[in-house]
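What follows is a short report on a single structure.
The values are calculated or read from the model by the stated rules, or taken from the named source; none is laboratory data. Note that the structure is a prediction, hence the values are computed from the model and not measured. All Cβ positions, glycine included, derive from the backbone under ideal geometry; neighbour counts span all protein chains shown.
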Amino acid sequence: MRSFRFAFPLSGINRLEELSLTNCGEIENIGFIKLMKNLKVFVFIDTNVVDGDLSPCIGLRYSGFFDKKHYTHKFKQLTHAIVEQQGRLFSRFFFITTKWQYSCIRKS
């Protein structure tokens, strides 16, 4: 599988609010998103996070990805962690499994 290398550090883009890495092969980790203070949405479809640690996504409004065996969180687990932290999930259309789904979950 091919490996994706950034031409410049994405963590240096301070104003970026949404980031989508689609069909990027493999990236070592996603720890860099913790340095992106304005990032609210991170989607990585058909992109494999090699170390499997998805915990940097917990502070975001939304994260979309395909489940993988080695990931620390499944999509539903991470979604519930975000809801627990923020009381709601950012509402938007995202391609998250094998079809379009509308994600809008509110904490009771």
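Any idea how many residues of region 32-57 are more than 15 Å from Ser20 (Cβ to Cβ) and of a type in the set (Lys, Arg)?
Residues flagged as more than 15 Å from Ser20 (Cβ to Cβ) and of a type in the set (Lys, Arg) within region 32-57 amount to 2.
For the subset of region 43-71 comprising residues that are aromatic (Phe, Trp, Tyr) and touching a residue at least 24 places away in the same chain (Cβ under 8 Å), which member is nearest to Ala81 (Cα to Cα)?
By that ranking, first place goes to Tyr62.
Which of the following residues is in contact with a Ser or Thr (Cβ under 8 Å, 6 or more places away or on another chain), of a type in the set (Lys, Arg) and modelled with pLDDT under 90: Arg88, Arg92, Arg61, Arg106?
Matching residue, one of Arg88, Arg92, Arg61, Arg106: Arg92.
Quick one: Lys37 ticks every box in (1) in contact with a helix residue (DSSP H, G or I) (Cβ under 7 Å, 6 or more places away or on another chain); (2) surrounded by fewer than 16 Cβ atoms within 10 Å (Cβ to Cβ); (3) within 14 Å of Leu10 (Cβ to Cβ) except a single one, so which number is it?
For Lys37, the exception is condition (1).
Could you please let me know if Thr98 is of a type outside the set (D, E, K, R), in a loop (DSSP other than H, G, I, E, B) and at pLDDT 90 or above?
no
Restricting to region 40-89, what's the tally of residues that are crowded, with 17+ Cβ neighbours inside 10 Å, in a loop (DSSP other than H, G, I, E, B) and among the aromatic types (Phe, Trp, Tyr)?
1
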